[in-house]
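Chemist: Got a structure for you, questions after.
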Amino acid sequence: MANGKKSKKKLYIFLALGAAAIALILVVILGAKKENIISVQTEKIARRTITQMVNASGKIQPETMVKINAEVSGEITSLPVKEGDRVKKGELLVRIKPDQYQAQVDRAEAGLQSARASLNLQKANLEKAESEFKRAQELFDKKLLSDQEFVTAKTSFSAAKSQNESAQAGVRQAEASFRDAKESLNKTAIYSPMAGTISQLISELGERVSGSGFTQGTQIMTVADLSMMEARVDVGENDIITISIGDTARITIDAYPDKKFTGVVYEIANTAKSKGLGTQEEVTNFEVKIRIINKDIALRPGMSMTADIETETKKNVLAVPIQSVTTRAPKGAEGEKPKEEGQQPAGLSMNEKPVECVFVVENGKAKMLPVKRGINDEGYVEISSGVTQDVEVVSGSYKAINRELEDGTVVKVENNAAKFALANKKNENK
C-alpha cells in the first residue's frame, strides 16, 4: 500500500515537470514569433536656412607686430621704455654702449683720409709722368730721343697710371670701411619702426646682448599695434577647402565668455603645418587669419579663442535633423548590418559603398529612402533629393536610426513621450 502511494506521487511529479517543460517551450516559440517593435520619434521635414560652419581654435595676435633684435653686440646703456608703453614711430627704444663702434669709425675715418692723401700724391705723379711722356713723344718723333729713353718715359707713365688707379681703389675701400663702421655705430641706437605698444620687454638695462649682420641677434622687445587685432586659427586639411577670403567668423574669447566678436577671414596659408610628422598622431593644419571687427574691448596678444567660420549659407532648403541621415547597405546586400558603427557592412564588395538614407514611417513600418545630402549646420542637414516637404522622418533614437531600423521594421512612434522626457531633462538641468 505504501509502495503504491509512492509510485503515484512520483507520477504526479513527472507530470508536473513535463507540463512546465511544455509551457516553457510554448513561451519560447510564441516569443520568437512575436514581432520586435522599435520605438522611434519623428519630425516633419521643413524648409530652413542652413549655414555651414568650420570650428577652429587659436590665439589672438596683433595684425602688425615687430620683434626688436640687437644687430650689434654690447651692453644696454639706455632703455627709456617699459612694457605697456605706447611709442611713436622713430622714438628711441634702446641704446647699446657705442664706445668700441665709435673707435672703429675713428679708425676708418683716419684710413680714409690716408687713402685720399695717397690718391692726391699718385695724381701728382701721374701728371708728371704724363707730361714727361708727351715731351719724350715729341722728341722721339723728331729723331732727337733714343728708343731706350722713349721706352723708359712710356713705362714710367704706365706705372704712374696704374698706381693712380690703385690709389683710387684704396679710397673706395676706405670709404666702404668708413660707411660700415658708421652703420655699426648707428645700430647701437634702436628706434621704433612703427607707432604701437611695447607688448613684450625681454631684456633689462645693463644686460649684454649679441648681434651680427649674419645671424639673428638677441630679442630685446616686441612692438605691436594693438588697435588692429586678429585671430589666428589652425584649420584641418579637410575643412580648409571650404573656407574663402571674406568669410564671416563668430569668435568667442575665453577671457570674455559673455561677449561675441565678429571677424572676417583675410588670409589663408598656402603651406601646411604638420605636427607629429611620421607618427600615428600626425596632424596637418593650415593657418587662417581672421581680422576682428570689434574694437570696443581691449584685447591682449596670446588670448585663447575659438571661431565658427561661416563657409556657406543656403536659404529655403529642405532640411532634416542631422541625426536622421544614416547609411545602409545597398540593395542586394540587405539584411547584412555592420557589426560596429562606421564598419563596412558585410556582403559589400570593395567597389560598393553604403547608401545614405533616411527612414519614414508608413503603416506602422519603417521605410528606407535613399537621399542626397548637401551642407549642414549643427542641427540640420540639407537634403537635395530623395524626400519631399511635409514628410515625417525618423529623428530618434540614435541607436534605432544607426543600428536597428531596416526597410520594413515594425515601429511605434512615441513623439509625446520623447517631448515629455526632453522637458523633464531641461527641468532637471535648471
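All of the numbers you see were taken from the coordinates with simple rules; none came from a lab. Just so it is clear, the structure is predicted and the values come from calculations on it, not from any experiment. Virtual Cβ from ideal backbone geometry, glycine too; neighbours counted across all protein chains shown.
Chemist: Search the structure for amide H atoms under 5 Å from the amide H of residue 194, placed 1.01 Å from N in the peptide plane, and list their residues when 5 or more places away or on another chain.
Modeler: 90
Chemist: Suppose the chain between residue 238 and residue 205 were pulled fully straight at 0.36 nm per residue; how much longer would it get relative to their current alpha carbon spacing?
Modeler: Details: separation 33, 0.36 × 33 = 11.88 nm, distance 4.92 nm.
Working it through step by step, the gained length comes to 7.0 nm.
Chemist: On a 32 Å Cα-Cα criterion, which of the cross-link pairs 44/273; 67/295; 67/314 come out too long? It would help to have the intermediate numbers written out before the result.
Modeler: Details: 44/273 44 Å; 67/295 24 Å; 67/314 44 Å.
Table pairs above 32 Å Cα-Cα are 44/273; 67/314.
Chemist: Which far-off residues, 5 or more places away or on another chain, put their amide H under 5 Å from the one on residue 247, with H placed in the peptide plane?
Modeler: 265
Chemist: Using alpha-carbon positions, what is the distance between the centroids of the range 247-319 and the range 200-234, in Å?
Modeler: Answer, in whole Å: 25.
Chemist: Checking the cross-link filter: which aspartates and glutamates have an alpha carbon closer than 15 Å to that of residue 412, excluding same-chain neighbours under 8 positions apart?
Modeler: 35, 43, 362, 392, 404
Chemist: Then there is this: Select from 100, 114, 144 the residue farthest towards the positive end of the dipole of the range 100-184; place +1 on Cβ of Lys and Arg, -1 on Cβ of Asp and Glu, and compute about the Cα centre.
Modeler: The one lying farthest along the dipole's positive direction is 144.
Chemist: Another question, then. Find how much the distance from residue 322 to residue 406 grows on full extension, using 0.36 nm per residue of separation minus their present alpha carbon separation; answer in nm with one decimal. Spell out each step's value before the answer.
Modeler: Working: separation 84, 0.36 × 84 = 30.24 nm, distance 1.85 nm.
Roughly 28.4 nm would be gained on extension.
Chemist: Next question. Output the relative contact order of the range 100-184, whole-number percent, from Cα pairs under 8 angstrom with separation of 6+ residues. Intermediate values should be presented prior to the final figure.
Modeler: Numbers: 63 pairs, mean separation 45.4, N = 85.
Answer for the range 100-184 is 53 percent.
Chemist: Under 17 Å between alpha carbons: how many lysine pairs meet that in the range 100-184, if sequence neighbours fewer than 8 apart on the same chain are excluded?
Modeler: 11
Chemist: Given a Förster distance of 25 angstrom, what is the FRET efficiency for residue 100 paired with residue 179, based on the Cβ-Cβ distance and rounded to 0.05?
Modeler: Values: r = 17 Å, r/R0 = 0.70.
FRET efficiency, residue 100 to residue 179: 0.90.
Chemist: Taking only C-alpha pairs under 8 Å that are 6+ residues apart, what is the relative contact order of the range 228-314 in percent? Kindly include the intermediate steps, with their values, before the conclusion.
Modeler: On the way: 161 pairs, mean separation 35.6, N = 87.
With pairs under 8 Å counted, the relative contact order is 41 percent.
Chemist: Would you mind classifying the range 193-320 by shape? Square roots of the alpha carbon gyration tensor eigenvalues, ordered a ≥ b ≥ c; an a/c under 1.5 is rounded, otherwise it is prolate if a/b is larger than b/c and oblate if not.
Modeler: Working: a/c = 2.63, a/b = 1.57, b/c = 1.67.
Because a/c hits 1.5 or more and a/b fails to exceed b/c, the range 193-320 counts as oblate.
Chemist: Evaluate the distance, in nm, between pseudo-label points positioned 7 Å from the Cα of residue 304 and of residue 260 along their respective Cα→Cβ axes.
Modeler: Calculated label separation equals 2.3 nm.
Chemist: Another one. Evaluate the distance, in nm, between pseudo-label points positioned 7 Å from the Cα of residue 165 and of residue 252 along their respective Cα→Cβ axes.
Modeler: Simple spin-label model gives 7.7 nm for this pair.
Chemist: How do 134-145, 60-71, 42-53 rank on mean C-beta neighbours within 10 Å, highest first? Before the final figure, lay out each step's value.
Modeler: Working: 134-145: 12.8, 60-71: 18.4, 42-53: 16.8.
Highest mean packing first, the order is 60-71, 42-53, 134-145.
Chemist: Quick check: residue separation of residue 128 and residue 281 times 0.36 nm, minus the Cα distance between them. What number comes out in nm? Before the final figure, lay out the partial values.
Modeler: Numbers: separation 153, 0.36 × 153 = 55.08 nm, distance 8.21 nm.
Computed gain between residue 128 and residue 281 is 46.9 nm.
Chemist: Near the amide H of residue 64, under 5 Å away, which other amide H atoms are found, from residues 5 or more places off or on another chain, if H is placed in the peptide plane?
Modeler: Amide H to amide H, under 5 Å and 5 or more residues apart or across chains, residue 64 pairs with 225.
Chemist: Then there is this: Between residue 89 and residue 216, with labels modelled 7 Å along Cα→Cβ, what's the label distance in nm to one decimal, could you check?
Modeler: Simple spin-label model gives 2.5 nm for this pair.
Chemist: Please state the relative contact order of the range 164-319 as a whole percent: Cα pairs under 8 Å, 6+ residues apart? Walk me through the numbers before you get to the answer.
Modeler: On the way: 203 pairs, mean separation 34.0, N = 156.
The value is 22 percent.
Chemist: As a quick test, which of the pairs 59/82; 59/97; 275/372 have an alpha carbon distance above 31 angstrom in this structure?
Modeler: Numbers: 59/82 24 Å; 59/97 37 Å; 275/372 35 Å.
The pairs that break the limit, which is 31 Å between Cα atoms, are 59/97; 275/372.
Chemist: Which whole-Hz ³J(HN,Hα) couplings does the range 76-90 yield from phi under the Karplus relation 6.51 cos²θ - 1.76 cosθ + 1.60, θ = phi - 60°, glycine and proline marked x?
Modeler: After applying 6.51 cos²θ - 1.76 cosθ + 1.60, I find 6, 9, 8, 9, x, 10, 9, 4, x, 5, 8, 10, 9, 5, x Hz.
Chemist: Under the Karplus relation 6.51 cos²θ - 1.76 cosθ + 1.60, θ = phi - 60°, what is the ordered set of whole-Hz ³J(HN,Hα) values for the range 117-134, x standing for Gly and Pro?
Modeler: 5, 5, 5, 4, 5, 5, 5, 5, 5, 5, 4, 5, 5, 5, 5, 5, 5, 5
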